[in-house]
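Scroll down for the structure; my scribbles are underneath it.
Since every read-out is calculated from the coordinates, none of them should be taken as a lab result. A quick note: this is a predicted structure, and the numbers were derived from the prediction, not measured. Here the Cβ is made from the backbone with ideal geometry for all residues, glycine too, and neighbour counts use every protein chain on show.
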């Protein structure tokens, strides 16, 4: 991990997480997910419905981008697409592995953990590559120069099944024969990369582990929040959170139509709008080896963590 220089500490502010349209939308979509899955269990789901799962790795919960994504996928696949979201990676991954979703945009960590049960559909391109980094962030004025200065911190993680928001930091500590319980004074999960940034910016946490893509994009769209934090440590590059499907769907019409839709997204006007909103370049058919670095960290933590 490369380390960046830092500045003197500042006083923490109060934490205020208002009830916004995004929060309300997240709750509404979760209720929709429950309804959709209940219909499926009762045998009421039509064969032309494609249930697409979204985890907190999906950057935006704004109505416009969700509507555009749904419209784009429906038109390109010829199916009624229903977006399904849950609060945690584990919940969405469990639905995907069980076959209760046709596909989902998940994290590379659960993809590697369930590599025998899942198959890749497409992987996003960010800044020209299907890769991203984990950032360890602190308050903007904090005088820290390395991760060692975060010893004894209250540290915010994103999700226990997040690569950038948990596994990377856990592996970094394991290499030094440490773990989060002994290194940090206290840790907690925010269940969202935005929330990690909010926690550190507000002083609720002294430091946090966050998706570098999310931090960079939020620096553009919410600079007043993100500039209250700074990047202390950047990880090596890992496979970008992919779109995956149950392995049993490999080679099926629904999976191939979905793959084609994502690979051709930049050639479609609505698709280009989705990419622009998410600040992505497109999607590619990346090989499973793209996620080998995540598999190595899983093994490292298993052996030393």
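Name the residue, out of 208, 203, that is farther than 28 Å from residue 296 by Cβ and touching a strand residue (DSSP E or B) at 6+ places or on another chain (Cβ under 9 Å).
On the way: 208 fails: farther than 28 Å from residue 296 by Cβ.
Sole residue among the options that is farther than 28 Å from residue 296 by Cβ and touching a strand residue (DSSP E or B) at 6+ places or on another chain (Cβ under 9 Å): 203.
Looking at region 285-305, which of its residues are free of Cβ contacts under 8 Å to residues at least 60 places away in the same chain and surrounded by 15 or more Cβ atoms within 10 Å (Cβ to Cβ)?
Matches in region 285-305: 293 only.
Strands (runs of 3 or more DSSP E) wholly in region 83-144 with at least 1 residues that are in contact (Cβ under 8 Å) with a residue 40 or more places away in the chain and within 18 Å of residue 248 (Cβ to Cβ) - which ones?
Answer list for region 83-144: 103-105, 118-125.
This table checks each residue for (1) crowded, with 19+ Cβ neighbours inside 10 Å; (2) more than 20 Å from the chain's Cα centre (by Cα).
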| position | (1), (2) |
| --- | --- |
| 72 | yes, yes |
| 78 | no, yes |
| 81 | yes, yes |
| 84 | yes, no |
| 87 | no, no |
| 97 | yes, no |
| 109 | yes, no |
| 113 | no, no |
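Would you tally the residues in region 246-275 being assigned to a helix (DSSP H, G or I), under 14 Å from residue 72 (Cα atoms) and out of contact with any strand residue (DSSP E or B) (no Cβ under 7 Å at 6 or more places or on another chain)?
The initial filter retains those residues of region 246-275 that are assigned to a helix (DSSP H, G or I), namely 247-249, 253-263, 265-267, 269-275.
From the residues that got through so far, the ones that are under 14 Å from residue 72 (Cα atoms) too are 257-263, 265-267, 269-275.
Those still in the list that are out of contact with any strand residue (DSSP E or B) (no Cβ under 7 Å at 6 or more places or on another chain) too: 257, 260-261, 267, 269-274.
Number satisfying all stated conditions: 10.
Mind telling me which of the residues 192, 282, 203, 239 ends up being surrounded by fewer than 21 Cβ atoms within 10 Å (Cβ to Cβ) and over 24 Å from residue 145 (Cβ atoms)?
Values: 192 fails: surrounded by fewer than 21 Cβ atoms within 10 Å (Cβ to Cβ); 203 fails: over 24 Å from residue 145 (Cβ atoms); 239 fails: surrounded by fewer than 21 Cβ atoms within 10 Å (Cβ to Cβ).
From the options 192, 282, 203, 239, the qualifying one is 282.
Return yes when residue 217 is part of a strand (DSSP E or B) and either more than 14 Å from the chain's Cα centre (by Cα) or surrounded by fewer than 21 Cβ atoms within 10 Å (Cβ to Cβ) (or both) and no when it is not. It would help to see each step written out before you state the result.
Numbers: part of a strand (DSSP E or B): no; either more than 14 Å from the chain's Cα centre (by Cα) or surrounded by fewer than 21 Cβ atoms within 10 Å (Cβ to Cβ) (or both): yes.
In short, no.
Would you confirm, using the coordinates I've provided, whether residue 231 is closer than 26 Å to residue 192 by Cα and either part of a helix (DSSP H, G or I) or without any contact (Cβ under 8 Å) to a residue 40 or more places away in the chain (or both)? Steps first, answer last, please.
Details: closer than 26 Å to residue 192 by Cα: yes; either part of a helix (DSSP H, G or I) or without any contact (Cβ under 8 Å) to a residue 40 or more places away in the chain (or both): no.
No; evaluated as a whole, the condition is false for this residue.
Which of the residues that make up region 145-175 are crowded, with 21+ Cβ neighbours inside 10 Å and in a strand (DSSP E or B)?
155, 156, 157 - these are the residues of region 145-175 that are crowded, with 21+ Cβ neighbours inside 10 Å and in a strand (DSSP E or B).
Does any residue of region 220-232 turn out to be more than 23 Å from residue 166 (Cα to Cα), surrounded by 15 or more Cβ atoms within 10 Å (Cβ to Cβ) and touching a helix residue (DSSP H, G or I) at 6+ places or on another chain (Cβ under 8 Å)?
no
For region 180-189, which residues satisfy the criterion of being under 11 Å from residue 151 (Cα atoms) and outside any helix (DSSP H, G or I)?
Initially, region 180-189 is screened for residues under 11 Å from residue 151 (Cα atoms), giving 180-186.
Within region 180-189, 184, 185, 186 qualify.
Which count do you get for residues in region 244-257 that are closer than 28 Å to residue 165 by Cβ and out of contact with any helix residue (DSSP H, G or I) (no Cβ under 6 Å at 6 or more places or on another chain)?
The total comes to 2.
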